[in-house]
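What follows is a short report on a single structure.
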Amino acid sequence: MGITMDDHTNPCLIVKNLSKTYILSNKTPITALNNVSFTLHEGEILGIIGRSGGGKTTLIRILRGVEPFDSGEFWVGNLHVTPHPSNEIIRELKKITAIHLQRSFALWADTVLINVMRRLNALETGDETADLPNEMFSEYKTMKQQALKLLKAVNLEEKAEHIAHTLSGGEKQRLQLARQLAIAQNLKLLLLDEPLTMSCPGTKLQSLDFIKEIKEQYNLSLLVASHSPKLLLKLVDRLIWLEEGQIKAIGEPQEIISKFLASREELIPFKKRESTKTIIK
């Protein structure tokens, strides 16, 4: 898929023995991740495939710093993250990662442009609700130019003045991606969870192109979780099969997808109901 990994490729992400267990309200433990280990190389797009509930979203949330974990460790670049990290470590992690979660549309009831500008303004104020600089000030003009650059990266520049809630599902996903790119300083790792679930079939290929363009433009490494074998085959360099919290295999996308599909139970067809005639006397 355009990148060949060898022993001389620098790692962007190293994950070692990562484990996470949820405790239900009835005290029942549910293992989400069990000793997960892998490496993502600089410039690589690494995919994750698996059934629902297999641990994909939990893993991505941990790597972003928004979900605690029980044991193990990981590195993003030189940043080392262990269980119970300090607030400073989490802040640093969020500066070098960006996340895009499926169907997550926490948007302002304002234009597409203002949604991104509020995100940029929060870098200075620490608060998205803070007023933007006056339009007459140079700070506003600079922030607007930065926002338009981000919207161009996700192919939304032409809809900058549209109200965010009028966008399609796929466009809202791209707007959220632009907002994530806005707040990630010195971005190294982009985490995508089902990034194209809301895109119609006609725009999926275009969406794949802009993901690749963002990767090149920002010199990123990507970790992409998806249920879609077709999407992963067109996008990723290598693929992880994650099942029941454990890595079953890592390798070439076609090889891993073949193994994954072969493991799925065949659906048992419904028996045809015999036709009955109602006799009316």
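Among the residues of the range 140-163, what is the count of those that are hydrophobic (A, V, I, L, M, F, W, C), touching a strand residue (DSSP E or B) at 6+ places or on another chain (Cβ under 8 Å) and closer than 23 Å to Asp209 by Cβ?
1
With the condition kept exactly as written, say whether any residue in the range 26-38 is surrounded by fewer than 22 Cβ atoms within 10 Å (Cβ to Cβ), charged (D, E, K, R) and over 29 Å from Ala182 (Cα atoms). Within the range 26-38, one or more residues are surrounded by fewer than 22 Cβ atoms within 10 Å (Cβ to Cβ), charged (D, E, K, R) and over 29 Å from Ala182 (Cα atoms).
Name the residues in the range 160-175 that are surrounded by 15 or more Cβ atoms within 10 Å (Cβ to Cβ) and at pLDDT 85 or above, would you? The answer is Ala160, His162, Ile163, Ala164, Leu167, Leu175. When only residues in the range 82-125 that are crowded, with 21+ Cβ neighbours inside 10 Å and β-branched (Val, Ile, Thr) count, which is farthest from the chain's Cα centre (by Cα)? That would be Val112. Among the residues of the range 142-159, the one identified as of a type in the set (Val, Ile, Thr) and either surrounded by 19 or more Cβ atoms within 10 Å (Cβ to Cβ) or assigned to a strand (DSSP E or B) (or both) is Val154. Listed by first and then second residue, the pairs with beta-carbon distance under 7 Å, at least 6 apart or on different chains, first residue in the range 201-229 and part of a strand (DSSP E or B) and at pLDDT 80 or above, second surrounded by 15 or more Cβ atoms within 10 Å (Cβ to Cβ) and among the basic types (Lys, Arg), are Ser221/Lys188; Leu222/Lys215; Ala225/Lys56. Scanning the range 126-141 for residues that are of a type outside the set (Gly, Ala, Ser) and open to solvent by less than 70 Å² (accessible area, probe 1.4 Å) turns up Asp127, Glu128, Leu132, Pro133, Tyr140. Contact map, the range 20-45: first residue of a type in the set (Phe, Trp, Tyr), second residue open to solvent by less than 80 Å² (accessible area, probe 1.4 Å), Cβ cut-off under 7 Å, separation 6 or more or different chains; pairs are Tyr22/Ile30; Tyr22/Ala32; Phe38/Val15; Phe38/Ile240; Phe38/Ile247; Phe38/Ile250. In the range 179-194, the residues that are over 15 Å from Gln217 (Cα atoms) and among the acidic types (Asp, Glu) form Cβ pairs under 6 Å with partners that are part of a strand (DSSP E or B) and modelled with pLDDT of 90 or more, at six or more places apart or across chains, as follows: Asp193/Ala225.
Taken as a whole, the range 126-147 holds at least one residue that is at pLDDT 80 or above and closer than 28 Å to Leu223 by Cα.
The values are calculated or read from the model by the stated rules, or taken from the named source; none is laboratory data. None of these values were measured; they are calculated from a predicted model. Here Cβ is always computed from backbone atoms with ideal geometry, including for glycine, and neighbour counts include all displayed protein chains. The accessibility values were calculated without ligands, DNA or RNA, using every heavy atom of the protein model including side chains. Shrake-Rupley method; radii C 1.70, N 1.55, O 1.52, S 1.80 Å.
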